[in-house]
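What follows is one structure encoded as structure tokens, with my remarks underneath.
A short reminder: the numbers here are calculations on the coordinates, not readings from a lab. Owing to the predicted nature of the structure, the values given are computational and were not obtained by experimental measurement. Every residue, glycine as well, gets a Cβ built from its backbone with ideal geometry; the counts of neighbours run over all protein chains shown.
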Amino acid sequence: MNKIKLFFAGLLFLLLGMTATGFSQTATYTVTKTTDPEPKLYNFDDSLCSPQMYGTLQWAIRKSIDDGTASEIVFNIPGSGQHTITLNYELPTIINGNLTIDATTQPGYQDLPLVIIDGQNKLERGFYFHDYSNYTVKGMGIQDFIRRGILFEYANNIVAEHNVITRIRN
């Protein structure tokens, strides 16, 4: 009987430890490219993902959606100065909460965005967060979209800071 109690006590301890550490960790995805390839090149399994997609903003957003956990997207694009990600395709709708997109992590960031997403006046919107809560977007330059730079719809607990949104047509 004592062995059974000891077994269940150990199991409970293990599960509590996993809950406190393993399930609450944040996944981090690093954007290292300014390209915007065809979304069909994406695969959640990085070993099957096209090398053209891996490391792009599209890839990072899709990974954060697919993993379903708290996620942070950070930037480490090679080279100094501003980097423009010219979007050829709409970014995926962000449909799970607890996501931070932090362009202040780009090396050299001071007060103005070093990472800019550009819709080329062809795309309706930049970032679209739908439902859930706990979204943060900071340090991004967002320009040349038809309707919106950032859209939060049915979302709460939102932080949007140190972003520069320009040349939105409507």
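Assorted remarks:
- Relative contact order (%) - criterion: Cα under 8 Å, at least six apart; region: the chain: 17
- Spin-label model, Arg147 to Lys40: label points 7 Å out along the Cα-to-beta-carbon direction sit 2.5 nm apart.
- Within the chain, antiparallel bridges make up roughly 0 percent of the DSSP beta bridges whose residues both belong there.
- Cα gyration tensor category, rounded, prolate or oblate, for the range 28-75 with a/c compared to 1.5: oblate
- The GNM of the chain, with springs linking C-alpha atoms under 10 angstrom apart, assigns the highest mean-square fluctuation among Asn76, Asn157, Asn43 to Asn157.
- Part-to-part distance (alpha-carbon centres) for the range 110-170 and the range 71-90, which is given in Å: 13
- To the nearest ten degrees, helix 2-21 and the longest principal axis of the Cα atoms of the chain are 10 degrees apart.
- Helix 57-67 and the longest principal axis of the C-alpha atoms of the chain enclose an angle of approximately 20°.
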